[in-house]
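Notes to accompany the following structure.
What follows is calculated from the coordinates using simple rules that are stated; it is not laboratory data. The model shown is predicted, which means the values in this text are computed figures rather than measured ones. A quick note on method: Cβ atoms are made from the backbone with ideal geometry, for glycine too, and the neighbour counts reach across all protein chains shown.
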Amino acid sequence: MNALVVSPLIIPLATLVATLLARRAPRLVAALSLLGALALTAAGLALVGLAAQGEILASQAGGWAAPYGITLVIDRLSAVMVAITGIVGTATIVFALARDEDPARGRDFHPLVHGLLVGVCGAFVTGDVFNLYVWFEVLLVGSFALLVLGGGKRRLSGTVVYVVLNLVATMMFLLAAGMLYGASGSLNMALLAQAFAAGEVPATAHAAVVLMLTAFSIKAALFPVFGWLPASYHVAWTPISALFAGLLTKVGVYALIRIVTLFWPQAGVAHEVLLWVACATMLIGVLGAAAQVEVRRILSFHIVSQVGYMILGLALATPLALAGAVFYLIHHIVVKANLFFIGGIAARLTGSERLAAMGGLYACAPWLAVLFAIPALSLAGIPPLSGFWAKFVLVKASLDTSAWIAAAVALVTGIFTLLSMSKIWNEAFLKPHPAGAQGARSAAGLRPAVWAVTALAAMTVAIGLAAGPVMDYAVAAAEQLATPRGYIEAVIRAGGN
Amino acid sequence: MEIIVSITVGVLVAIGIWMMLDRGLLRVVLGVIVLGNGVNLAVFSAGRLDGRAAAFVTEAGAPALAANPLPQALVLTAIVIGFALFVFALAVLKRSWELHDNVETDRITAVAEEPSPDLPAPPVPAGADAGRRTAGGKRAPSTAGTPAAHEGGTT
């Protein structure tokens with residue numbers, strides 16, 4: 001069991017080393033990389049299986065008890081996040097197997113992706129504030145290098161924006177971690193949560209948490225501080241920006257959920273602020289998307305708007321709302337990565353990412369139209385796809401707590417999302433290609449990319465049709481989040497032997 | 001001691017933020033490193049500052065004025081990570097300098113938000129008709145063969 005707790009860290013790390021060692025044999029690198037991602041998915045699913053029984057798995061590195069050792073904790077939320085990380089990682093690697101014009105890019109791609117996955121999984125399983133910072137840095141290093149992979153003016157410029165803003169955010173986080181340690185004498189999340197619940201911390205510790213939440217808000221691209229995301233995600237190579245779109249902001253959302261539910265489980269001022277931030281994020285994100293004329297930039301603004309829904313679930317702080325946030329996380333990672341993949345295939349087939357220069361896809365690639373329709377309608381929240389259930393639960397939770405404005409904003413955002421998806425549909429799929437019949441390009445060499453997209457679309461449909469079991473899991477995960485006592489006890493018990 | 005360290009942290013953070021507001025990208029990156037040093041110092045001061053004895057516990061017990069080793073370990077980690085990221089930022093900066101000549105934040109943002117270039121024609125498998133290659137080439141004459149040709153971002 002202990003081995004299973006560390007497996008989300010060991011598997012991608014081992015794959016990273018193996019892919020680096022096999023650097024000279026591109027086919028071997030790809031095979032190892034795919035194998036590693038599949039192993040991570042399997043480990044994640046095994047963890048979900050264990051966590052579903054209600055047990056919180058905790059492990060202390062080196063056997064040192066909680067205040068001295070480094071804690072790894074896996075509850076229902078962590079387990080499902082690790083599993084979904086493995087799934088999106090696998091899809092990304094399969095997508096990248098499609099024929100590429102630039103072999104050098106492919107060689108560096110695989111080790112870096114696994115480096116990124118180590119950081120992401122580490123952030124999900126750690127039970128220690130400073131280690132959370134370290135894992136954030138690990139995933140940042142991987143993401144910097146991936147973003148700039150391939151070079152070129154535009155891509156470098158996007159990377160500069162991304163690098164500077166993310167460095168500032170991590171420094172705020174480091175400062176907050178230091179302040180928290182100075183104020184409370186501990187960095188272990190469970191012990192801190194215990195101290196917060198007992199009211200044993202000075203006011204400066206609360207200030208440190210506010211600073212920390214601000215840093216996570218930058219990472220999660222919440223309302224006033226989301227500008228870096230649409231300025232950088234669209235410059236990367238398609239599989240990379242899909243991986244980023246699926247996972248990276250969600251690490252920030254996960255950290256927000258974890259810290260708020262552990263330290264401030266009762267609804268308070270912070271939740272009130274988060275509620276307004278969530279509403280503004282949903283609305284501004286979707287309105288920003290309306291002004292865009294390129295596929296990936298539209299989708300980037302939609303990431304911002306969708307993150308607002310998850311934070312809405314966190315801000316309402318009822319068990320149902322938290323369950324909605326967890327369900328939204330699961331659904332959104334799959335759907336958003338898939339939309340970026342499809343945007344890449346559409347651009348490859350039409351020769352451009354600008355909507356004005358695209359067209360004719362419905363005529364030349366009807367299969368792609370179906371594959372686009374599934375995640376696009378799911379994103380907008382059309383039943384019976386996964387997005388409908390996620391939005392339904394969140395709107396119901398807002399109505400239950402009389403947050404009328406939040407419910408209205410959530411519904412309006414859904415309508416606007418549908419409008420901008422139909423804009424992509426009209427421009428890229430229905431309209432004839434501006435260059436006439438020559439517009440259609442061969443889909444040769446794209447087969448692995450289509451497999452990845454099909455698998456993710458099937459998952460979206462499956463989550464929608466099997467919403468019951470998934471929602472049960474999300475509700476159980478929300479119960480664990482709403483009562484941090486189980487988490488705290490699991491960590492302390494793990495240190496006892 | 002605490003007062004001196006606190007003032008130093010404040011001054012470093014102020015200088016760092018001031019430099020990050022500059023138009024020149026080099027000063028922005030240097031500002032990040034100055035800010036980073038201020039933050040490291042702040043984390044360091046989270047422990048006991050005037051510990052004079054090494055933090056070794058003997059059978060007689062812990063020394064009275066032991067230094068707190070934890071913030072030192074934290075700062076050591078943060079310095080290593082910060083240094084790696086700073087070097088990466090400098091490398092990116094150098095490369096954008098080579099591509100842009102002058103490096104100003106406005107220019108960088110403008111380039112990042114330029115409309116995406118048309119994709120180069122996909123490589124045509126051997127044996128396919130040559131007509132398709134020219135058709136693809138016509139649509140993307142300006143980008144083919146330059147580094148920007150790989151920017152479009154499809155597979």
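Using only the Cα atoms, work out Rg/Rh for the stretch A:1-65, with Rh taken as the Kirkwood radius, to two decimals.
Rounded to two decimals, Rg/Rh equals 1.11.
Compute the Rg/Rh shape ratio of the protein assembly as shown: radius of gyration over Kirkwood radius, all on alpha-carbon atoms. Let's see the in-between values first.
Numbers: Rg = 24.5 Å, Rh = 25.2 Å.
Ratio of gyration radius to Kirkwood radius for the protein assembly as shown: 0.97.
Let's see if you can work this out: charge +1 on each Lys and Arg Cβ, -1 on each Asp and Glu Cβ, no other charges. What is the dipole magnitude of the protein assembly as shown about its Cα centre, in debye to the nearest 20?
1580 debye
Between the helical axis of A:366-380 and the dominant principal axis of chain A, each derived from Cα atoms, what acute angle in degrees is found, rounded to the nearest 10?
The two axes meet at around 30 degrees.
Once the piece of chain linking A:Tyr68 and A:Trp404 is laid out straight, how much longer is it, given 0.36 nm per residue of separation minus the C-alpha distance between them?
Working it through step by step, the gained length comes to 116.3 nm.
Could you please rank A:Trp228, B:Trp18, placing first whichever residue has the fewest other Cβ atoms within 10 Å of its Cβ?
B:Trp18, A:Trp228
Given R₀ = 56 Å, FRET efficiency for A:Thr483-A:Leu430 by Cβ-Cβ distance, to 0.05?
The value I calculate is 0.65.
As an exercise, use a Förster radius of 22 Å and the Cβ-Cβ distance of A:Leu411 and A:Thr318 to find the FRET efficiency, rounded to the nearest 0.05.
0.75
Using a/c under 1.5 as the rounded threshold, could you call the stretch A:165-240 rounded, prolate or oblate? The axes a ≥ b ≥ c are square roots of the C-alpha gyration tensor eigenvalues, and prolate needs a/b larger than b/c, oblate otherwise.
prolate
Between A:Ala458 and A:Leu45, what is the FRET efficiency for a Förster distance of 25 Å, r being their Cβ-Cβ separation, to the nearest 0.05?
E between A:Ala458 and A:Leu45, to the nearest 0.05, is 0.95.
For every other residue with a beta carbon closer than 14 angstrom to the beta carbon of A:Phe173, add +1 if it is Lys or Arg and -1 if Asp or Glu, then tell me the sum.
Summing Lys/Arg as +1 and Asp/Glu as -1 gives 0.
Evaluate the distance, in nm, between pseudo-label points positioned 7 Å from the Cα of A:Ala280 and of A:Lys396 along their respective Cα→Cβ axes.
Computed distance between label sites A:Ala280 and A:Lys396 equals 3.1 nm.
Could you give the nm distance between label points at B:Ala55 and A:Gln266, where each point is 7 Å from its Cα heading toward the beta carbon?
3.4 nm
Based on other C-beta atoms within 10 Å, arrange A:Tyr473, A:Tyr68, A:Tyr254 from fewest to most. Don't skip to the end; give the middle numbers.
On the way: A:Tyr473 21, A:Tyr68 11, A:Tyr254 24.
By the 10 Å Cβ count, ascending, the order reads A:Tyr68, A:Tyr473, A:Tyr254.
Once a ≥ b ≥ c are taken as the square roots of the eigenvalues of the Cα gyration tensor of the stretch A:375-414, is the result rounded (a/c under 1.5), prolate (a/b larger than b/c) or oblate (a/b not larger than b/c)? Can you show the working numbers first?
On the way: a/c = 4.17, a/b = 1.91, b/c = 2.18.
Judged from the Cα gyration tensor, the stretch A:375-414 comes out oblate (a/c at least 1.5, b/c at or above a/b).
Using Stokes-Einstein with the Kirkwood hydrodynamic radius over Cα pairs, what translational diffusion coefficient do you get for the stretch A:374-480 at 4 °C and a viscosity of 1.567 mPa s, in µm²/s rounded to a whole number?
The calculation lands on 79 µm²/s.
Quick query: amide H of A:Lys431 versus all other amide H atoms, modeled in the peptide plane; which residues come in under 5 Å with a sequence gap of 5 or more or a different chain?
HN-HN under 5 Å from A:Lys431: A:Gly360.
Where Lys and Arg each count +1 and Asp and Glu each count -1, what net charge lies around A:Ala51 among other residues with Cβ under 12 Å from its Cβ?
-1
Among A:Arg24, A:Arg485, which comes first, second and so on when ranked by fewest other beta-carbon atoms within 10 Å?
A:Arg24, A:Arg485
Tell me the Kirkwood radius of the stretch A:247-312: reciprocal of the mean inverse pair distance over distinct alpha-carbon atoms, in Å.
12.6 Å
Roughly what percent of Cα-Cα pairs across the stretch A:203-316 reach past 21 Å?
Result: 34 percent of Cα pairs exceed 21 Å.
Compute the long axis of helix A:404-424 from its Cα atoms, compare it with the longest principal axis of the Cα atoms of chain A, and write down the angle in degrees, 0 to 90, nearest 10.
Helix A:404-424 and the main axis of chain A meet at about 30 degrees.
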